[in-house]
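Where a number appears in this text, it was derived from the coordinates with a stated rule and is not lab data. Everything numeric here is computed off the predicted structure, so don't read it as measured data. Cβ: placed from backbone, ideal geometry, glycine included. Neighbour counts: every protein chain shown.
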Amino acid sequence: MYVKLFASLYQGTLRGCSDEILVFTNLLAHADMNGIVDKHWRAIAEETGLSRERVEAAIAHLEAPDPESRSPEMNGCRIVKMDEHRAWGWQIVNYTKYRAIRSEDDRREQNRIAQEKWRNKQRISKISHDKPPSAHTEAEAEASNSNTLSGKPDVSPQKLINGEATEAAKRILGFLNEKTGRQYRAVTVNLDMIIGRLKEGASETECRQVIAKKCREWATDEKMNQYLRPATLFNRKMFNQYIGEIIRVDN
């Protein structure tokens, strides 16, 4: 169990009410994301070590209106019963409100992490730009070698016809499956994305280079790994960005 507690809990009208605070923190620890606590009072008694009478008294206090409460919702009641037909199961009135509050330390830490990620990104970008233009990235070389070893010549966009484009797209899709270990099928929805980029001027080698480069970048990234798919890699807008990231080699 884990819950964020605010110091204000101990500095308001519950100050000095040790049973109420103990029972309330137990309810907080068991609440779902909407503040619902579907739990019998006997379970609360066992976990807090309080007697039935003390738990019932504490719950009655928490259910009662509090005219001095900081929050006017429900006349200051801290909990309300979920159902009138039973004596257990509650909703914490201001749970979602307080759950959304971030402490100043939380915000500072989040900003620190964000700034560190931005600086790392800028540093990596600078290293990439400073790289000699004659240097091949490993991903580019791998894509080029794979195309050469396949025995299939690179398809020139100027000579593309429907049959050639489809065959080239199938080879590119096969390369994607090989790199990702997946089994994207050579169906229209997948091939059309690749064919569209080929007909716009991308070469087969460039398509493979994009796949290889993104596999190196995203394969171990839990969030980005899912985007190693035709719909993302060969999306018209995104593909043109990925092509721009490839380092060219002047012959």
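Please indicate, with yes or no, whether at least one residue in the stretch 64-73 is surrounded by 15 or more Cβ atoms within 10 Å (Cβ to Cβ), of a type in the set (Asp, Glu) and within 18 Å of residue 11 (Cα to Cα).
Checked the stretch 64-73: at least one residue is surrounded by 15 or more Cβ atoms within 10 Å (Cβ to Cβ), of a type in the set (Asp, Glu) and within 18 Å of residue 11 (Cα to Cα).
Hand me the list of helices (runs of 4 or more DSSP H) wholly inside the stretch 185-251 holding 2 or more residues that are among the hydrophobic types (A, V, I, L, M, F, W, C) and surrounded by 15 or more Cβ atoms within 10 Å (Cβ to Cβ).
Ranges flagged: 188-199, 204-218, 236-245.
Within the stretch 9-27, which residues are more than 20 Å from residue 91 (Cα to Cα) and either touching a Gly at 6+ places or on another chain (Cβ under 7 Å) or charged (D, E, K, R) (or both)?
15 - this is the single residue of the stretch 9-27 that is more than 20 Å from residue 91 (Cα to Cα) and either touching a Gly at 6+ places or on another chain (Cβ under 7 Å) or charged (D, E, K, R) (or both).
Give the residue, chosen from 195, 243, that is of a type in the set (A, V, I, L, M) and under 21 Å from residue 121 (Cα atoms).
The unique qualifying residue is 243.
Restricting attention to the stretch 59-72, which residues are without any contact (Cβ under 8 Å) to a residue 40 or more places away in the chain and closer than 15 Å to residue 27 by Cα?
Listed by number, the residues that qualify are 59, 60, 63.
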